[in-house]
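Heads up: the structure comes next, in structure tokens.
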Amino acid sequence: MKELLTKQMGLLVLASVIVVASIVWLEQPRGSAACTSTGTVLYEQAYVDESGTCRSLSEFQAPLTIINVWASWCPFCVEELPDFARIAAEFPEVPVVVINRAEPVTQAQAFLETLELNDSLQVLFDLDDLFYRSIGGFGMPETVFVASDGTILRHKRGAMSLEEMRDVIGALRAGQE
């Protein structure tokens with residue numbers, strides 16, 4: 001009986017170690033750890049681009065920058081990505097950065113290839129979902145309009161129409177918002 005109890009206790013300890021190790025492993029970053037952010041300020045954050053290179057958001061710093069968070073499983077995101085590509089082409093002085101939310105890069109890239117987007121979008125991949133959390137995201141899609149100093153001028157939760165995008169850009173450029 002004592003031997004059976006010892007075996008059961010050993011199995012319980014082993015199972016506990018496996019559970020704890022699994023939790024620790026699941027909490028590890030899933031790939032963007034190679035990108036070192038220099039701080040918590042928006043333009044100090046860095047994410048992986050389509051070639052696997054770490055890109056700082058400061059590379060896209062302008063008087064007005066649009067940053068959109070998207071995922072292939074989000075129907076509203078899929079709907080508005082072509083409109084963001086149109087905006088990027090229409091307003092070349094306004095960088096449009098689209099950050100994929102925690103999907104494997106190959107999966108997100110394969111999905112993007114199914115859309116007819118121009119090359120004017122800056123595509124980044126946030127494998128750890130850090131950007132979304134940093135802006136207090138709770139819906140999809142989420143879009144922020146950012147000033148050159150990193151201040152979020154407007155935070156839109158939910159999908160935007162092409163006309164709404166144009167209106168917001170016009171208002172922010174005119175200093176009306």
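The values are calculated or read from the model by the stated rules, or taken from the named source; none is laboratory data. Since the structure is predicted, the reported quantities are computational estimates derived from the model, not experimental observations. Positions of Cβ are generated from backbone atoms using ideal geometry, with glycine treated the same way; all protein chains shown enter the neighbour counts.
Quick look at the numbers
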{"read-out": "Selection within segment 41-62 - touching a helix residue (DSSP H, G or I) at 6+ places or on another chain (Cβ under 8 Å) and farther than 16 Å from Ser120 by Cα", "value": "Leu42, Tyr43, Glu44, Gln45, Ala46, Tyr47, Val48, Gly52, Cys54, Ser56, Ser58"}
{"read-out": "Qualifying position, being over 14 Å from the mean Cα position of the chain (by Cα) and without any contact (Cβ under 8 Å) to a residue 60 or more places away in the chain, among Pro63, Pro95", "value": "Pro95"}
{"read-out": "Checking Val168 against (1) on the phi < 0 side of the Ramachandran plot; (2) touching a helix residue (DSSP H, G or I) at 6+ places or on another chain (Cβ under 7 Å), the condition it does not meet", "value": "(2)"}
{"read-out": "Val69 assigned to a loop (DSSP other than H, G, I, E, B), in contact with a strand residue (DSSP E or B) (Cβ under 6 Å, 6 or more places away or on another chain) and either at pLDDT 95 or above or surrounded by 16 or more Cβ atoms within 10 Å (Cβ to Cβ) (or both)", "value": "no"}
{"read-out": "Residues (in contact with a Phe, Trp or Tyr (Cβ under 7 Å, 6 or more places away or on another chain) and either of a type in the set (Asp, Glu) or not assigned by TED's automatic domain parsing to the domain that holds Phe84 (or both)) located in segment 108-141", "value": "Asp126"}
{"read-out": "Residues (at pLDDT 95 or above, surrounded by fewer than 18 Cβ atoms within 10 Å (Cβ to Cβ) and assigned to a loop (DSSP other than H, G, I, E, B)) located in segment 152-174", "value": "Gly158, Ser161"}
{"read-out": "From the options Glu103, Glu80, residue that is within 26 Å of Gly136 (Cβ to Cβ), in contact (Cβ under 8 Å) with a residue 60 or more places away in the chain, in the same structural domain as Tyr43 (by TED's automatic domain parsing) and not aliphatic (A, V, I, L, M)", "value": "Glu80"}
{"read-out": "Residues that are part of a loop (DSSP other than H, G, I, E, B), modelled with pLDDT of 80 or more and surrounded by fewer than 20 Cβ atoms within 10 Å (Cβ to Cβ), drawn from segment 32-63", "value": "Glu50, Ser51, Gly52, Thr53, Gln61, Ala62, Pro63"}
{"read-out": "Matching residues in segment 107-119 - criterion: being crowded, with 17+ Cβ neighbours inside 10 Å and in a loop (DSSP other than H, G, I, E, B)", "value": "Leu117"}
{"read-out": "Which listed residue, of Phe84, Phe91, is at pLDDT 95 or above, under 23 Å from Thr53 (Cα atoms) and hydrophobic (A, V, I, L, M, F, W, C)", "value": "Phe84"}
{"read-out": "Among (1) over 14 Å from the mean Cα position of the chain (by Cα); (2) under 19 Å from Glu79 (Cβ atoms); (3) surrounded by 15 or more Cβ atoms within 10 Å (Cβ to Cβ) - the single one Gly137 does not satisfy", "value": "(1)"}
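Results for (1) β-branched (Val, Ile, Thr); (2) at pLDDT 95 or above; (3) more than 16 Å from Arg55 (Cα to Cα), shown as yes or no for each residue.
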position	(1), (2), (3)
Pro95	no, yes, no
Asp119	no, no, yes
Phe125	no, yes, no
Asp128	no, no, no
